[in-house]
1. Name every residue in region 9-37 that is within 14 Å of the ligand (Cβ to nearest atom), within 27 Å of residue 152 (Cα to Cα) and either of a type in the set (A, V, I, L, M, F, W, C) or modelled with pLDDT of 90 or more (or both), in order of residue number.
2. Please go through region 67-82 and pick out each residue that is surrounded by 17 or more Cβ atoms within 10 Å (Cβ to Cβ) and either among the hydroxyl-bearing types (Ser, Thr, Tyr) or more than 16 Å from the ligand (Cβ to nearest atom) (or both).
3. Do we have residue 33 as surrounded by fewer than 18 Cβ atoms within 10 Å (Cβ to Cβ), in a loop (DSSP other than H, G, I, E, B) and under 27 Å from the mean Cα position of the chain (by Cα) here?
4. Looking at (1) within 17 Å of residue 293 (Cα to Cα); (2) touching a Leu at 6+ places or on another chain (Cβ under 6 Å), find the lone condition where residue 273 falls short.
5. For region 141-150, state whether one or more residues are part of a loop (DSSP other than H, G, I, E, B), out of contact with any helix residue (DSSP H, G or I) (no Cβ under 7 Å at 6 or more places or on another chain) and touching a residue at least 60 places away in the same chain (Cβ under 8 Å).
6. Quick one: is residue 97 surrounded by 13 or more Cβ atoms within 10 Å (Cβ to Cβ), among the small types (Gly, Ala, Ser) and without any contact (Cβ under 8 Å) to a residue 40 or more places away in the chain?
7. Quick check on this structure: which one of 259, 243 is within 17 Å of residue 209 (Cα to Cα) and surrounded by fewer than 20 Cβ atoms within 10 Å (Cβ to Cβ)?
8. Please pick out the residue among 85, 116 that is within 16 Å of the ligand (Cβ to nearest atom), assigned to a loop (DSSP other than H, G, I, E, B) and more than 19 Å from the chain's Cα centre (by Cα).
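The values are calculated or read from the model by the stated rules, or taken from the named source; none is laboratory data. Being a predicted model, the structure only gives us computed values, none of them experimental. All Cβ positions, even for glycine, are placed from backbone atoms using ideal geometry, and neighbour counts span all protein chains on display.
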Amino acid sequence: MAIIDETGVRRRLKIMLGSELLADVYIKRFGYTIHIAKINGLKLAMEYREKMRNGGVAEEPVKADPETDWHDPIYEIQVKCPACFSPVPYWDQKARALASSLDMFHMPVYKPVGTFRAVDYNLIAVSICPQCFFASPDKKDFIGKDSARMREVPSRIQQGELAAILSSGDQRTSMLEESGLDVTQERIFTRERTPKGALFAYDLALQRALVETQRSVPFALFKMGGYALKQALIARSYGLDETPCLEAALAHYLKCFETSNAPGLQYEGQCLYEIIALHVRLGRVKEAGAYVAVLEKTKAEAPPPPDIPFVRWYNAARELWTDRDNPDLWK
Ligand SMILES: [Zn+2]
């Protein structure tokens, strides 16, 4: 059973439905469990009633059936929120249905394959629990299903962190309220999420990772850096300003490096690569140069034999540093 916080749910319903009155109608009809399909249904019913009242006829939206749409590179599975145990849809990629290249920060840019439709997976990578707004792009963070053994696969997030994330649900509701985003218009909880909706989905994931960071969970800051870089990629792809996301990513990676939040030579290499690339991108060449020196020192002090993933990051950083004045570097 899901863990229900009635006041929080009422507040979330109010934001998701756009009015206190509709939130009350929902609770009377469906209780305190939030289901996106029921919310959408209620909104559609209200809109239909409104249109009929105005003498118009509501048009039925035509929807492709994912079960029979062979050109859809995405499939939906049900996972469970590890914080409040509500069902959450998770959109996964079908095997070999999407190709990707990497941007300069090594974040994936998706391309269609064969007869599959083009889908920007970055927009829907983050799954959000409709009940408590727990959010993550990582399937392993949710409670999964092992159908072969007929049992649940627990989330890899520890109990202490989950309790802290659950109790900070109100903060996530406030984030949505303060963002001023229209949940329905930006289709935040559906597969048709807009770029602005996707940026907010990553904001929720960042809030979750921040709770983990406050509890000194390894790799939490490293993940925050990655989420901010995904936001920068989304912003860039859709003509929005990426600079605040790049600044945030840099701050996360710097803190990650300083606190050794991502232990292991490979992650140290990636962290330094991102710090150097971000400094160059933001026009801080002197700072980038200082971190190239740190990278050289890290390489010189690494025990033999050479760590292959680290060497790859080292080479990529050297290449970027040599090419730093090339105006085509960021295209
Ligand atoms: Zn939840």
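1. 9, 32, 33, 34, 36 - these are the residues of region 9-37 that are within 14 Å of the ligand (Cβ to nearest atom), within 27 Å of residue 152 (Cα to Cα) and either of a type in the set (A, V, I, L, M, F, W, C) or modelled with pLDDT of 90 or more (or both).
2. Just the residues of region 67-82 that are surrounded by 17 or more Cβ atoms within 10 Å (Cβ to Cβ), to begin with: 72-74, 79-82.
Matches in region 67-82: 72, 73, 74.
3. On the way: surrounded by fewer than 18 Cβ atoms within 10 Å (Cβ to Cβ): yes; in a loop (DSSP other than H, G, I, E, B): yes; under 27 Å from the mean Cα position of the chain (by Cα): yes.
So residue 33 passes the test.
4. With respect to (1) within 17 Å of residue 293 (Cα to Cα); (2) touching a Leu at 6+ places or on another chain (Cβ under 6 Å), residue 273 is out only on (2).
5. Taking region 141-150 and keeping what is part of a loop (DSSP other than H, G, I, E, B), we get 142, 147-150.
With the extra rule that they be out of contact with any helix residue (DSSP H, G or I) (no Cβ under 7 Å at 6 or more places or on another chain), the set shrinks to 142, 147-150.
With touching a residue at least 60 places away in the same chain (Cβ under 8 Å) added as a condition, the list becomes 142.
Yes, some residue in region 141-150 is part of a loop (DSSP other than H, G, I, E, B), out of contact with any helix residue (DSSP H, G or I) (no Cβ under 7 Å at 6 or more places or on another chain) and touching a residue at least 60 places away in the same chain (Cβ under 8 Å).
6. It is true that residue 97 is surrounded by 13 or more Cβ atoms within 10 Å (Cβ to Cβ), among the small types (Gly, Ala, Ser) and without any contact (Cβ under 8 Å) to a residue 40 or more places away in the chain.
7. Values: 243 fails: within 17 Å of residue 209 (Cα to Cα).
Sole residue among the options that is within 17 Å of residue 209 (Cα to Cα) and surrounded by fewer than 20 Cβ atoms within 10 Å (Cβ to Cβ): 259.
8. Details: 116 fails: within 16 Å of the ligand (Cβ to nearest atom).
When all the criteria are applied, what remains is 85.
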